[in-house]
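Throughout, read-outs are computed from the coordinates displayed, never taken from laboratory work. All figures in this text were calculated on a predicted structure; none of them were measured in a lab. Please note: Cβ atoms are built from the backbone with ideal geometry, for glycine as well, and neighbour counts cover all protein chains shown.
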Ligand SMILES: Cc1cc2nc3c(=O)[nH]c(=O)nc-3n(C[C@H](O)[C@H](O)[C@H](O)COP(=O)(O)OP(=O)(O)OC[C@H]3O[C@@H](n4cnc5c(N)ncnc54)[C@H](O)[C@@H]3O)c2cc1C
C-alpha cells in the first residue's frame, strides 16, 4: 500500500511527488504521456526554466526524483479509481492494482482547438492561446486573432501590449456591436470576416492564413481563445464532482492539483503541487496521531 497515489506527472504531479518524497511518504506516480503543452516548443515565464523545451522540464523533474526511492513512477494510464472505506484502489493500464490512503489527481486538461485545417498542426508553433506564454517572441510583428465567440475580440485588445499590427478574424460574419467596432477602429484593428480555409506555414511554423475566397494573409502568429476540457474521468469513477468553490480536499482523501482544477501555468502548477503535498502530508500525520492515540488508549485499557 502507498501513502499517496498521484495521477499525472506534469509540473503539478511531479512537484507534489518531490515534496511528498521528501516527507518520507511512499508515493506512486503514473502518467500516460499526454501533457497539455506537448505541442509547445518552449515554455516561458518560469524563472530558471524560461525557454526550456517542456519535455526536458519533465525529464529533469523525473531525474531529480530518482534519489527518492520511496517514489515510484510508472508510464501508464490510471484507468479506474475506487474508494473502499478509508482507502483508494487504483487500476493501471499495465494491469496492476494499487491502494493508497490519499489520491492526488494532477491530470491536467485538454485544449479544444477549432476544426480548421492546419490548426492542430501549428498549435504551439506560431498558433498560440496565451499571450503571457508566447507573445514576447512575436512582439512588434503582424499578429492575427481568431475570434469565433462572443468576447473573443478581448484577446485582440490584450495583444496591443505586444504589437500594434493586429487583425481580427471572425471566420464568418461578425456579431460585434457598434461600441466594440469603434474601439477596434480606434486601435486600427482590421476585421476579416471571410471564412478561413486553412492555416499554412513551413515544416516548423505557421506563416499565413488562407481564406475560402483564395486570398492569403501573412502573419507572424495567430492567437485564439482556447476552450478547455478538464480531465476528470477518474473523479466521475470515484462518484465525485468538482465543488462550485475552491476547496481541498474536494472529498475526503481526494485532492486536485494544477490545471485540472485552477492554474493555467507551469509555475502555478508547480506551486499547487507543493502546497497540496504539504496539505496531504499534514492530513496523513493527523490520521496517524489519532490512530496512535487510540492504540495508546487501547493499550492502557489492556494493561
Ligand atoms: C501550447 C501551449 C503552450 C504553453 N506554454 C506555456 C508557457 O510558456 N508557460 C507556462 O507557464 N505555461 C504554458 N502552458 C500551460 C502549461 O502547459 C500548463 O499550465 C501545465 O502543463 C499544467 O501542468 P499540470 O501538471 O497541471 O498538467 P499537465 O502538464 O497537462 O500534466 C498532466 C499529466 O497527467 C497525465 N494524465 C492525465 N490523465 C491521466 C490518467 N488517467 N492516467 C495517467 N496519466 C494521466 C497526462 O498524460 C499529463 O502528462 C502552455 C500550454 C499550451 C497548450
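Descriptive notes on the structure:
- Legend: ranking of residues 202, 178 from fewest to most surrounding C-beta atoms inside 10 Å; resulting order 178, 202.
- Sorted by Cβ neighbour density within 10 Å, fewest at the top, the residues 187, 174: 187, 174
- Cα-based convex hull volume of the range 190-303 per residue, rounded to whole Å³: 201 Å³
- Using a Gaussian network model of the chain in which every pair of alpha carbons under 10 angstrom is joined by a spring, one finds that among 54, 131, 173 the greatest mean-square fluctuation is at 173.
- Subtracting the Cα-Cα distance of residue 63 and residue 117 from their residue separation scaled by 0.36 nm leaves 15.7 nm.
- A simple spin-label model places pseudo-atoms 7 Å from Cα toward Cβ; at residue 132 and residue 157 they are separated by 1.9 nm.
- log10 of Debye I(q)/I(0), alpha-carbon scatterers only, for the chain at 0.09, 0.11 Å⁻¹: -0.55, -0.75
- What the Cβ-Cβ distance of residue 85 and residue 47 gives, at R0 = 45 Å and to the nearest 0.05, is a FRET efficiency of 0.55.
- The simple spin-label model puts a point 7 Å past each Cα toward its Cβ; for residue 99 and residue 22 those points are separated by 3.1 nm.
- Of the residues 183, 103, 235, the one with the fewest other Cβ atoms within 10 Å heads the list, and the complete ranking is 183, 235, 103.
- Cα long-axis angle, helix 11-22 against the chain (0 to 90 degrees, to the nearest 10): 20 degrees
- Per-residue [θ]222 nm for the chain (sum of -39500 (n - 2.57) over DSSP H runs n ≥ 4, rounded to 500): -9000 deg cm²/dmol
- Axis angle, to the nearest 10 degrees, between helix 54-65 and the longest C-alpha principal axis of the chain: 10 degrees.
- In the elastic network of the chain, a GNM with C-alpha springs shorter than 10 Å, the most mobile of 95, 258, 33 is 95.
- Distribution of pairwise C-alpha distances over the range 114-224, 10 Å bins, in %: 15, 51, 31, 3, 0
- Simple spin-label estimate for residue 207 and residue 297 in nanometres, 7 Å along Cα-Cβ: 7.5 nm
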